[in-house]
Amino acid sequence: MRIGILQCGHTVPEIQRNHGNFPEMFERLLGTEHFTYESFDVEGMTFPETVTACDGWLLSGSVHAAYQDHAFIPTLKAFIQEAYGAHVPMVGICFGHQIIAQALGGHVEKFGGGWMLGLKEYDFDGLGPVRQNAWHEDQVLRLPEGAVCVASNADCAHAALVYDTRAFTVQFHPEFDGDLIFDYVRLRRGTKDYPDDRMDLAARCSDEDHSNAILAKKITDFFLQSRPSR
């Protein structure tokens, strides 16, 4: 199955040297047994020619917000709407989770509880508690029609959404491991309004076990499931 990775942003050079950019992270997460990959820098306005150019789409994180005025966002929203209508499966991660919800009629804004940083535990339908790394302030606060929430915790009510066989999206980052989070804390401390106590906790928890392999299987199963013919 050919997966198109829609890069909605890029990791900073220091992270790229140690961990790669989003495409490398997703390829490590999902592997090559079932998938081949092609990347598109949609943040830089490089879009696929059609929504059927790949068998499925994976939308990455971004430093941008789904509600901001950036040139690529209206084009990306239109692409999401067309892919959804054509039943081409999409997986959204963090910003990808948010922009899919926003494009389909949901609402995204800054969460009143502030930044979610580092390893968090979520109640996930069918999987029980899972531990995943987060790095976000925005959240999906109103679901679009057709979205079903399948994961949450006390600070993130809509941490994972399923839209029948058409989309599966998560607010956290199954492609982030603890070493990357530790580097994020080191590089980003003092660069935004990150609370020191939350940054300290993220660094302390960076060597604890996570559930990335469980989420990799969940994403793989979503892409590979049977769905209506187009």
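Since every read-out is calculated from the coordinates, none of them should be taken as a lab result. Keep in mind the model is a prediction, meaning the values are calculated, not measured. Methodologically, a virtual Cβ is constructed for each residue, glycine included, from the backbone with ideal geometry; neighbour enumeration extends over all protein chains shown.
Angle of helix 178-188 to the longest C-alpha principal axis of the chain, folded into 0 to 90 degrees and rounded to 10: 70°. Please give every one of the lysines within straight-line cross-link reach of K120, meaning a C-alpha to C-alpha distance under 24 Å, and leave out same-chain neighbours fewer than 8 residues apart. Straight-line reach from K120, under 24 Å: K110, K192, K217, K218. Each 10 Å bin, from zero up to the one with the longest distance, holds this percent of the alpha carbon pairs of the chain: 8, 35, 40, 15, 1, 0.
How far, in degrees from 0 to 90, does helix 72-85 lean away from the longest principal axis of the Cα atoms of the chain, to the nearest 10? The answer is roughly 50 degrees. Helical runs (DSSP H, four residues minimum) scored at -39500 (n - 2.57) apiece and divided by the length of the chain put the mean residue ellipticity at 222 nm at -9500 deg cm²/dmol.
What the phi angles of the range 8-24 give under the Karplus curve with 6.51, -1.76 and 1.60, with θ = phi - 60°, is a coupling list of 8, x, 9, 6, 6, x, 5, 6, 4, 5, 8, 10, x, 8, 4, x, 5 Hz, glycine and proline written as x.
Dipole magnitude for the range 8-84: computed about the Cα centre from +1 point charges on Lys and Arg Cβ and -1 point charges on Asp and Glu Cβ, it is near 180 debye.
What size of dipole, in debye to the nearest 20, comes out for the range 34-144 about its Cα centre when the only charges are +1 on Lys and Arg C-beta atoms and -1 on Asp and Glu C-beta atoms? Walk me through the numbers on the way to the answer.
Details: 5 positive and 13 negative charges, 54 e Å.
That gives the range 34-144 a dipole magnitude of about 260 debye.
Each part reduced to its alpha carbon centroid, the range 178-222 and the range 120-142 end up 12 Å apart.
Ranked by the mean number of other Cβ atoms within 10 Å of their residues, highest first, the peptides 60-66, 146-152, 126-132 come out as 60-66, 146-152, 126-132. Assign one of three labels to the range 121-174, namely rounded, prolate or oblate, based on the Cα gyration tensor with a ≥ b ≥ c the square roots of its eigenvalues; rounded applies when a/c is under 1.5, prolate when it is not and a/b is larger than b/c, and oblate otherwise. It is oblate, given that a/c is not under 1.5 and a/b is not larger than b/c. Put simply, the amide H of Y37, placed in the peptide plane, has neighbours under 5 Å in I3, leaving out anything fewer than 5 places away on its chain.
Take each peptide in 176-188, 199-211, count the other Cβ atoms within 10 Å of every residue, and average; sorted highest first, the result is 176-188, 199-211.
Considering only G96, A154, H107, the residue lying farthest towards the positive end of the dipole of the chain is H107, judged by Cα position with unit charges set on Cβ. About its Cα centre, the chain has a charge dipole of approximately 300 debye under the convention of +1 per Lys or Arg Cβ and -1 per Asp or Glu Cβ, with nothing else charged.
Listed values for the range 25-31 are Karplus-derived 3J(HN,Hα) couplings in whole Hz (6.51 cos²θ - 1.76 cosθ + 1.60, θ = phi - 60°), namely 5, 5, 5, 5, 5, 9, x, and x replaces Gly and Pro. Taking the longest Cα principal axis of the chain as reference, the axis of helix 212-224 is set at about 10 degrees. Between amide H atoms placed 1.01 Å from N, distances below 5 Å from L141 occur with H107, V108, E109, all of them 5 or more places distant or on a separate chain.
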